[in-house]
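Visitor: Below is the structure I would like to discuss, written out as structure tokens.
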Amino acid sequence: MSKILTIGEILVEIIATERGNGFRAPVSLIGPFPSGAPAIFIDQVGKLGQDCAIISRVGDDDFGHLNVDRLRADNVDVSGIDIVPQGTTGSAFVRYREDGSRAFVFNIRHSACGTIELTGNAARLAEECTHLHVMGTSLYAPSVVDSILAAIRIIKSKGGTVSFDPNLRPEILNAPGMREALKAVIAQTDLFLPSGAELYLFTEATDEKDAVKELLATGIKAVVVKQGSVGATYFDQTRTLTSPGFAVEEVDPTGAGDCFGAAFVTFWLNGAEPEQALLYANACGARAVTKAGPMEGASTRAELDAFLVSQKV
Ligand code: ADP
């Protein structure tokens, strides 16, 4: 069985319970919830029973231990998470605007996860794993970018594969070096998982067909476009497949794309047909939005099977 690796931020998320108020006055909050896009992704991979690991750093504080405990409980190899005695674990405060869109206040740049290096257990895991999943959000700190690019080189030199979810937030898109790092990662990507308009991030094309054609011509094997409640579409050199969204009550959209990606990558690496990978990923994304908290809606295989039965699939 292949072992899936991801590298990047672990943090906690604290959520405003009411829409629209902003953070310039006191608001009611819930949390902390374990979070960080790579952490949500790998937690979902672990819940599906797939061998997997994360390389990260947290502080020796409650926020850090909350995350490590959750990931370990969900079958993730946490040996690559360094607990930094003098460090702190990052946080993200999230509020929902009246229109349902999200605004974040991030405290991650100076947290322990901004100092990730590919040494010790992290270097061992890069040798051990056969697939790396990269999240755009992780490309905000030079040492993390260096670690990701070094891990890509190691995994690719053994014939392994790379998946990439740009997962961009306007708050971090203009971080120094971000655009160069995004380009370096896409050049090594086998499976590209953009959300909506992120499809056009690396192309001048303005039409979906041309954008996909251009991306596949660069050596990317498959593109899967996530489309929120609409569902998702898969493209490779010979096929275009769509999976309409499942009708669920959306409580909190954070983490849907990460859970979707985790399910797709897991099924894809295990040799599933793209139809099946897309269906399960779509189900996983739908279930993820039904719970408050980014990792709280992650699913086991049995839960996904039961969900698909309930949806008469
Ligand atoms: P991201 O979180 O990366 O922006 P999306 O919002 O597109 O990604 O969500 C990822 C996937 O999760 C979608 O392609 C879909 O499968 C599922 N999903 C997201 N929101 C909903 C929703 N409201 N109802 C049903 N499925 C959803």
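Here's the yes/no breakdown for (1) among the β-branched types (V, I, T); (2) near the ligand (Cβ under 9 Å from one of its atoms); (3) at pLDDT 95 or above; (4) open to solvent by 30 Å² or more (accessible area, probe 1.4 Å):
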{"position": "T242", "(1), (2), (3), (4)": "yes, no, yes, yes"}
{"position": "F264", "(1), (2), (3), (4)": "no, no, yes, no"}
{"position": "W268", "(1), (2), (3), (4)": "no, no, yes, yes"}
{"position": "G271", "(1), (2), (3), (4)": "no, no, yes, yes"}
{"position": "A281", "(1), (2), (3), (4)": "no, yes, yes, no"}
{"position": "M295", "(1), (2), (3), (4)": "no, no, yes, no"}
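Visitor: If I go through region 78-96 residue by residue, how many of them are in a strand (DSSP E or B) and either open to solvent by less than 40 Å² (accessible area, probe 1.4 Å) or without any contact (Cβ under 8 Å) to a residue 60 or more places away in the chain (or both)?
Guide: Our first condition is that a residue be in a strand (DSSP E or B); within region 78-96, this holds for 81-84, 90-96.
Subsequent filtering for residues that are either open to solvent by less than 40 Å² (accessible area, probe 1.4 Å) or without any contact (Cβ under 8 Å) to a residue 60 or more places away in the chain (or both) retains 81-84, 90-92, 94, 96.
Final tally of qualifying residues: 9.
Visitor: Also: Report yes if I116 is among the aliphatic types (A, V, I, L, M) and closer than 28 Å to I15 by Cβ, otherwise no. Walk me through how you get there before you give the answer.
Guide: Details: among the aliphatic types (A, V, I, L, M): yes; closer than 28 Å to I15 by Cβ: yes.
When the stated conditions are applied, I116 passes them.
Visitor: Which of the residues belonging to region 22-51 are under 16 Å from the mean Cα position of the chain (by Cα) and without any contact (Cβ under 8 Å) to a residue 60 or more places away in the chain?
Guide: Passing the criteria: only G46.
Visitor: With the condition kept exactly as written, say whether any residue in region 302-313 is over 13 Å from the mean Cα position of the chain (by Cα), within 12 Å of the ligand (Cβ to nearest atom), of a type in the set (S, T, Y) and farther than 17 Å from T6 by Cβ.
Guide: The answer is no; no qualifying residue exists.
Visitor: Something else now. Restricted to region 215-229, and to residues that are within 11 Å of the ligand (Cβ to nearest atom) and open to solvent by less than 90 Å² (accessible area, probe 1.4 Å), which residue is nearest to S163 (Cα to Cα)? Even if it seems obvious, please write down each step before you answer.
Guide: Let us first name the residues in region 215-229 that are within 11 Å of the ligand (Cβ to nearest atom), namely 224-229.
Next, from what is left, pick out any that are open to solvent by less than 90 Å² (accessible area, probe 1.4 Å): 224-228.
Values: V224: 11, V225: 13, K226: 14, Q227: 18, G228: 19 Å.
Checking each candidate, the answer is V224.
Visitor: Among what's in region 97-120 and is touching a helix residue (DSSP H, G or I) at 6+ places or on another chain (Cβ under 7 Å) and part of a strand (DSSP E or B), pick the residue that is surrounded by the fewest Cβ atoms within 10 Å (Cβ to Cβ).
Guide: F104
Visitor: Can you tell which of A247, A232 is open to solvent by less than 10 Å² (accessible area, probe 1.4 Å), at pLDDT 95 or above and either in a helix (DSSP H, G or I) or near the ligand (Cβ under 8 Å from one of its atoms) (or both)? It would help to see each step written out before you state the result.
Guide: Numbers: A247 fails: open to solvent by less than 10 Å² (accessible area, probe 1.4 Å).
After ruling out the rest, the residue left standing is A232.
Visitor: Scan region 1-20 and give yes if some residue there is open to solvent by 40 Å² or more (accessible area, probe 1.4 Å) and either within 30 Å of L191 (Cα to Cα) or touching a Gly at 6+ places or on another chain (Cβ under 7 Å) (or both), otherwise no. Step through it out loud before you land on a result.
Guide: The initial filter retains those residues of region 1-20 that are open to solvent by 40 Å² or more (accessible area, probe 1.4 Å), namely 1, 17-19.
With either within 30 Å of L191 (Cα to Cα) or touching a Gly at 6+ places or on another chain (Cβ under 7 Å) (or both) added as a condition, the list becomes 1.
Yes, the conditions are met somewhere in region 1-20.
Visitor: Applying the selection to region 127-147, what residues are more than 13 Å from G114 (Cβ to Cβ) and open to solvent by less than 20 Å² (accessible area, probe 1.4 Å)? Steps first, answer last, please.
Guide: From region 127-147, those more than 13 Å from G114 (Cβ to Cβ) are 127-136; that's our starting set.
C129, H131, L132, H133, V134, M135, G136 - these are the residues of region 127-147 that are more than 13 Å from G114 (Cβ to Cβ) and open to solvent by less than 20 Å² (accessible area, probe 1.4 Å).
Visitor: Would you check if D252 is touching a residue at least 60 places away in the same chain (Cβ under 8 Å), near the ligand (Cβ under 9 Å from one of its atoms) and not in a strand (DSSP E or B)? Spell out how you get there, then give the answer.
Guide: Values: touching a residue at least 60 places away in the same chain (Cβ under 8 Å): yes; near the ligand (Cβ under 9 Å from one of its atoms): no; not in a strand (DSSP E or B): yes.
In short, no.
The values are calculated or read from the model by the stated rules, or taken from the named source; none is laboratory data. It should be emphasised that the depicted structure is a prediction, and the values quoted were computed from it without experimental measurement. Here the Cβ is made from the backbone with ideal geometry for all residues, glycine too, and neighbour counts use every protein chain on show. Ligands, DNA and RNA are excluded from the accessible area calculation, which covers all protein heavy atoms including side chains. Shrake-Rupley method; radii C 1.70, N 1.55, O 1.52, S 1.80 Å.
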